[in-house]
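Some notes on the structure that comes next.
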Amino acid sequence: MAIQRIWSIGLNTVREAIRNKLLYTLLFFAIVMIGTGVIVAAVSYVEGSRILQDVGLASIRLFSTGIAVFVGVGLIHGEVYRRTIYTILSKPVSRAEFLVGKFVGLVMTIWLQLLIMSVSFVLVSWMSGAPIDGGHVAALGLIGVELAIVVAVATLFSAFTTPMLASFFTLGIYVMGHLSRDLLQIGSRSDSAALEKATWLIYEILPDLEAYNLSIQAVHQLPIAASEIWLPVLYGLGYVTALLFAASHIFERRDFK
């Protein structure tokens, strides 16, 4: 069955990814940054716990994205470079199944390291007396969805270009995805119809990654509506599906010679 083949490729991708030294390097620095928040909070005269958690959540998002990009873009290229892709595709495995399997495996790897970072974040918060509630769980969960989108973007670019270009393109989409709301507001306030149209197109095409940032609500214990969680999840599912469909379409026509 296709699902079994995708799952097998995904598990193999996890085993391949966890051998990457870059993953452990970024994970180590992420945990160090989360712990560093204790020092920053200690020297602060006010809102120490909030500063601690601000630093922690920012570190989780930053280093998780780094792992998703720099580890993810090399997986497909590595198979092509080592010529192992010919062995895989010689079996009853389609190119689309191979690509989706790689995506699934990398997402599992990213979510595993996100779990490790989240446990570290909770432990540091607990030892520092900073409160942890459902808002933090929602914020960390949406980071996981955001990372799945980033992995899908990296998979798309990896399907047709080099790891270096794929990294640049993916990071560019990530940055623009967090700025797209601001650009939309700038365009709506502009007197230029062309600028307004351009910013609207950017907002519609690029992923709205700021929808996955609930750090302020979590840190300040502000109420979070259910729609702020399930709408981004549904949006992310649709966006990932569209990206994987496009990536599979491109990968099916790629010449490996």
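The values are calculated or read from the model by the stated rules, or taken from the named source; none is laboratory data. Treat the numbers as computed from the prediction; the structure is a model and nothing was measured. Neighbour counts run over all protein chains shown; Cβ positions are idealised from the backbone, glycine included.
Some observations on this one:
- Residue satisfying all of: in segment 218-257; within 13 Å of GLY141 (Cβ to Cβ) and in contact with a Gly (Cβ under 8 Å, 6 or more places away or on another chain); modelled with the highest pLDDT among these: ILE229
- Here the condition is being in contact with a Lys or Arg (Cβ under 6 Å, 6 or more places away or on another chain) and among the charged types (D, E, K, R); of GLU228, GLU210, GLU196, GLU204, it holds for GLU210 alone.
- Taking the conditions (1) assigned to a helix (DSSP H, G or I); (2) within 21 Å of ILE132 (Cβ to Cβ) in turn, PRO223 satisfies each one other than (1).
- Residues satisfying the stated conditions in segment 208-220, i.e. crowded, with 22+ Cβ neighbours inside 10 Å and either of a type in the set (D, E, K, R) or not in a helix (DSSP H, G or I) (or both): LEU214
- Residue pairs whose Cβ atoms lie under 8 Å apart, sitting 6 or more positions apart in sequence or on different chains, and linking a residue in segment 111-124 that is among the charged types (D, E, K, R) to a partner that is in a helix (DSSP H, G or I) and surrounded by 21 or more Cβ atoms within 10 Å (Cβ to Cβ), do not occur here.
- Single residue of segment 35-50 satisfying the filter (closer than 19 Å to MET117 by Cα and polar (S, T, N, Q)) that is modelled with the highest pLDDT: THR36
- Number of the condition not met by TRP126 [criteria: (1) at pLDDT 90 or above; (2) over 28 Å from GLN4 (Cβ atoms)]: (1)
- The single condition among (1) free of Cβ contacts under 8 Å to residues at least 24 places away in the same chain; (2) assigned to a helix (DSSP H, G or I); (3) aliphatic (A, V, I, L, M) that ILE132 does not satisfy is (2).
- Residues that are modelled with pLDDT under 80 and surrounded by 13 or more Cβ atoms within 10 Å (Cβ to Cβ) were ranked within segment 1-34; the one that is farthest from GLY72 (Cα to Cα) is ALA2.
- Criterion: at pLDDT 90 or above and in a helix (DSSP H, G or I) - qualifying residue of GLY187, GLY172: GLY172
- Residue match in segment 142-156 (condition: touching a Lys or Arg at 6+ places or on another chain (Cβ under 8 Å), hydroxyl-bearing (Ser, Thr, Tyr) and crowded, with 18+ Cβ neighbours inside 10 Å): yes
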